1. When the label point is put 7 Å from the Cα of residue 132 along its Cα-to-beta-carbon vector, which residues of region 165-208 have a backbone N closer than 18 Å?
2. Expected output is a single nm value to one decimal: the length gained when fully extending between residue 98 and residue 120, i.e. 0.36 nm times separation in residues minus the C-alpha distance. What is it?
3. Mind jotting down the three principal axis lengths of region 80-203 based on Cα atoms? Whole angstrom, largest first.
4. If r is the Cβ-Cβ distance from residue 198 to residue 106 and R0 is 22 Å, what FRET efficiency results, to the nearest 0.05?
5. What is the fewest-to-most order of 171, 182, 82, 120 by other Cβ atoms lying within 10 Å of their Cβ?
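Readers should treat all values here as calculations from the given coordinates under stated rules, not as data from a laboratory. What you see is a predicted model, and the numbers here were worked out from it, not measured in a lab. So basically every Cβ, Gly included, is an ideal-geometry build from the backbone, and we count neighbours across all protein chains shown.
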């Protein structure tokens, strides 16, 4: 009966536990045992101790094996790295009255953007040559602002997982400034990318 009970108890503890229970004394060694009897029974005592010692030892073994085989868990936060950039152009007046956030990866798109950027200037400056085989353009602009105290700059670019995140900063000074309407913008050049890009607009406290 003890051997039958031992085999039944090994099912959830897998093979290591079954091997341990194979050493439990037979009925002949322990005498007749009532499986429902309390563990403190004088007849059950010796076999009960051996049985549960085997169960405890095997359970610990199974637990340790399972713990050692656990694969490393991936980090919940995607890895980030800083992407270097260089300023292509920065200014306060443009032909964009609305704010914009652009990733430009083709020559034709760059030319169209440049023409609108300098659409209020005559003659329009020549389009800078960009090697789009090796570089991409990131451009941000605030659109119309009520005076010349506003500015904008790309603060940092980061690769986060499979995405590029562009952080740019809107600034404002408290000193003398033109009362004309301005359209601050900043254009930077980065290593060519085909990754999706998102933009984060931050506002700095007034510089007074």
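1. Once the point is set 7 Å along Cα→Cβ of residue 132, 187-197 turn out to lie under 18 Å by backbone N, inside region 165-208.
2. Working: separation 22, 0.36 × 22 = 7.92 nm, distance 1.44 nm.
Roughly 6.5 nm would be gained on extension.
3. Here the Cα extents, ordered largest to smallest, are 42, 33, 20 Å.
4. Numbers: r = 20 Å, r/R0 = 0.90.
For R0 = 22 Å, the calculated efficiency reads 0.65.
5. So the ranking, lowest neighbour count to highest, is 82, 120, 171, 182.
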